[in-house]
Each structure stands twice: as structure tokens, then as C-alpha cells.
Amino acid sequence: MAKKKKFVTPAGIAVYPRLNRPDTKFHEHGTYKADLRIPIEEAKPLLKELGDIYKAHTGQAHQKFPPSKDKDSIWYFEQDEDGDFDKDYVILKLRARNVMTKTGEVWDRKPKIFDAEGNRLKKAPKIGGGTVMKVSFEADCYATKKVSGVRLIPNAVQIINLVEYEEGGSAEDYGFGKEDGYTSDSEYDDEFSDEGNNNDKNDADDQENEEGFY
């Protein structure tokens, strides 16, 4: 049985979150993502405790400054074009994968959402990148025949300052103006609206971070 311990992060900034709908691009049942950028000085006690859990379970110390491409890390540091790490902030990988149960049903592991006053929200707002939030998560130690590791599974999120993502876009956003010609009699809709919390521009990094992480 995997060992799990619950934690709450300091307040941080959401990095390409997927909290309204799971991302199904790299996992058919969907993955919720609550990656959080936290000032390093505030994160040090948490990193120390997580690092101790990681070492005790895997037998190896977690890298101190792993890059985003490290699939086995539970946190990483962003790098600039010269490859230098931004050591002022650390990003925790907080991800919950939906699971197919033995009964053939999908276990939806969507994190619960709370507002700044601690009220649970029945309907989550459109949580976009830049949102200031805290995350309640579990450190899950797992092992297979080939590998052992630790994953951070978000259970709940508290929104402190919300930044909403925008679905779709106006004609002006795409560089279009008014022209003589076809017009629709139907109501304008958002059938083709973005479903991924405006994260698609970082899909390449998402894939590198997520593939093999679980």
C-alpha cells in the first residue's frame, strides 16, 4: 500500500493550471494540474520535508535544481535561454491523474475548489495561469517492478487572487475586421472555445514534464 502524507503549500502562482477540465492530450482519462510557483525562501521547509520523503523511499536524494525536463522530479526550476536557473522561485509538480477502476468506471480526481474565505465552490471559476492560490496535496510514494518514486497529488485548491482564462476570442483578436458577405442568423456561440485554461502554447513542455512522471 502506497504511503501518503498531506501537506498545504504556501501561497504561489498557478503555472498553466488544468483545474476546470482534465487535460486528455497525454492521458486518455485526463490529468488535473495545479503546478505552483513559490518563492524559494517560503518553500524551503516544504522542499526539505518532501526531499526527505523522496530519499527515504527511492534511496536517492532529489536533485537540488532539477530542470523542467526531469521526469522523475517532484519540483523544478525554470531556465532562461542561457540555461541558467531562476533560483528565486521553485515550481511544485502537483498533478492528479484520473484512474480507470476495476468496475470500468473512471475515478474523477478533480481537486475541490475553495475561495479565499474557505467556502467550497459548487462551480469553479475559470482558473487561469497567474492565479494566486494554495494547494492541499498528498505525497504519494509508489513503486513498480521497474521504478520507485514520489508524486504530489492535489486534493484541493484555495483561490486567493483569481486570474480567469478567456475562452475563444473576438474577430479582432485574430486580426479580422468587418467585410461585406456572409453573416449567420444563429446565435454566436463558443463551440470552438479553448478547453485547456489557455495552456496549449506550452504543450511541448507539458508533455516533457508529464510523460513518464507517473
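The values are calculated or read from the model by the stated rules, or taken from the named source; none is laboratory data. Please read all numbers here as calculations on a predicted model, not as lab measurements. Ligands, DNA and RNA are excluded from the accessible area calculation, which covers all protein heavy atoms including side chains. Shrake-Rupley method; radii C 1.70, N 1.55, O 1.52, S 1.80 Å.
Can you flag which of Lys6/Lys146; Lys4/Lys123; Lys25/Lys69; Lys6/Lys126; Lys102/Lys126 are past 22 Å Cα-Cα? Write out the running numbers ahead of the final one.
Working: Lys6/Lys146 26 Å; Lys4/Lys123 28 Å; Lys25/Lys69 18 Å; Lys6/Lys126 26 Å; Lys102/Lys126 32 Å.
Correct reply: Lys6/Lys146; Lys4/Lys123; Lys6/Lys126; Lys102/Lys126.
Quick one: accessible area per residue over the stretch 65-111, 1.4 Å probe, rounded to a whole number of Å²?
60 Å²
Tell me which residues come under 5 Å, amide H to amide H, from Val90 once H is placed; ignore anything under 5 positions away on its chain.
Those lying under 5 Å, H to H, from Val90 are Ile38, Ile40.
Please list, in chain and number order, the residues 5+ apart from Ala156 or on another chain whose amide H is under 5 Å from its amide H, with Hs placed from the backbone.
Long-range HN contacts for Ala156: Lys112, Ser136.
I need the phi-derived Karplus couplings for the stretch 46-53: 6.51 cos²θ - 1.76 cosθ + 1.60, θ = phi - 60°, integer Hz, Gly and Pro marked x.
Per-residue couplings from phi come out as 5, 4, 4, 5, 5, x, 5, 5 Hz.
Across 5 Å bins from the origin, how do the percents of Cα pairs in the stretch 1-68 run, short distances first?
4, 13, 16, 20, 21, 19, 7, 0
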